[in-house]
1. Would you point out which residue out of I87, I76, I63, I80 is among the aliphatic types (A, V, I, L, M) and over 18 Å from V166 (Cα atoms)?
2. Right, S178: closer than 30 Å to T104 by Cα, among the polar types (S, T, N, Q) and modelled with pLDDT under 95 or not?
3. Applying the selection to segment 98-133, what residues are within 16 Å of the ligand (Cβ to nearest atom) and among the hydroxyl-bearing types (S, T, Y)?
4. With respect to L47, determine if the residue is of a type in the set (A, V, I, L, M), away from the ligand (no atom under 16 Å from the Cβ) and within 26 Å of G152 (Cα to Cα).
5. Could we say that L111 is part of a loop (DSSP other than H, G, I, E, B) and surrounded by fewer than 17 Cβ atoms within 10 Å (Cβ to Cβ) here?
6. Go through the residues of segment 123-144 one by one and say whether even a single one is crowded, with 22+ Cβ neighbours inside 10 Å and within 20 Å of L204 (Cβ to Cβ).
7. Being under 17 Å from F81 (Cβ atoms) and away from the ligand (no atom under 15 Å from the Cβ) is true for just one of V175, V166, V179. Which residue is that?
8. Has segment 30-43 got any residue that is of a type in the set (A, V, I, L, M), in contact with a strand residue (DSSP E or B) (Cβ under 6 Å, 6 or more places away or on another chain), within 16 Å of the ligand (Cβ to nearest atom) and modelled with pLDDT of 95 or more?
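The values are calculated or read from the model by the stated rules, or taken from the named source; none is laboratory data. Keep in mind the model is a prediction, meaning the values are calculated, not measured. Glycine also receives a Cβ, built like all others from the backbone with ideal geometry; neighbour counts cover every protein chain displayed.
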Amino acid sequence: MSEREDLVLAYRILAAHGVVDAYGHVSLRTAKNPERYLLARAMAPELVTTDDILEFDLDSNPIRDPRVALYLERYIHGEIFKSRPDINAVVHNHSPSVIPFGVTTVPLRPLFNTGAFIGEGVPTFEIRDFQDSGDLIIKTPHLGHSLATTLGAKPAALMRGHGAVVVGESLMLAVVRSVYLELSAKLQMQAMLIAGPGGNIVYLDEREVAATSGRQASAGTWKRTWDLWCIKARAQIEIEQKAKRRKSPSPAGGGSERRRRPGVG
Ligand SMILES: [Zn+2]
């Protein structure tokens, strides 16, 4: 699998889990050149194919004139890659269950196994601290840098009234964390509802967070999850490609139809 194919799968997986809808994006630092990253052109994540993936420098300028619209918020990716050399993938989303925790003083806390990383800390970015314009979009390098500063060394940050950024040393980790951040926020709201005002909820303590995260990293826990999600995403892409071929058959008749590699849009 190429980096572009992996990134397409990441877009599809995030969409399939409701972490992104028509908005949101995911990027991957290139292995060949750590000063560059891959990101789709401005489009709905669920429709991204390898043909839509573009290369950027860390100032978020496209390497080649793309002649297509770019994500206004691409500075999120470039500025985080600049400030976090340990990070190779960045997800920006408007993950619905996460939003309430960005607009209240209720902190997201780790409450189940696969959401243990939340115990490492999830700060909230308050855009009012960095601009006066009133627009919530991260549309300048300054705002991207400010968000990266708020994120610091953490695995994720909430963006008040907007969404979240989630990062990982690998694409797999950034995607897995994004899916479980959404699920954990949902479960925490349910636990708070059941417990009632002031009711007791038992969250993971520091020792449990460290032990669980450590085991997940060393045991390669996420590979099973990632492989499953990739199989489903590839199957969906193949269905779309077959439907497209049925709609536009080759003018020369069946036999000369150009073959495309599975997983490539
Ligand atoms: Zn956004």
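1. It is I63.
2. Judged against the criteria, S178 is not a match.
3. T124, S133
4. Details: of a type in the set (A, V, I, L, M): yes; away from the ligand (no atom under 16 Å from the Cβ): yes; within 26 Å of G152 (Cα to Cα): no.
Criteria not met by L47.
5. Here the answer is no, as L111 does not meet what is asked.
6. Scanning segment 123-144, I find no residue that is crowded, with 22+ Cβ neighbours inside 10 Å and within 20 Å of L204 (Cβ to Cβ), so the answer is no.
7. Values: V166 fails: away from the ligand (no atom under 15 Å from the Cβ); V179 fails: under 17 Å from F81 (Cβ atoms).
The unique qualifying residue is V175.
8. Yes, the conditions are met somewhere in segment 30-43.
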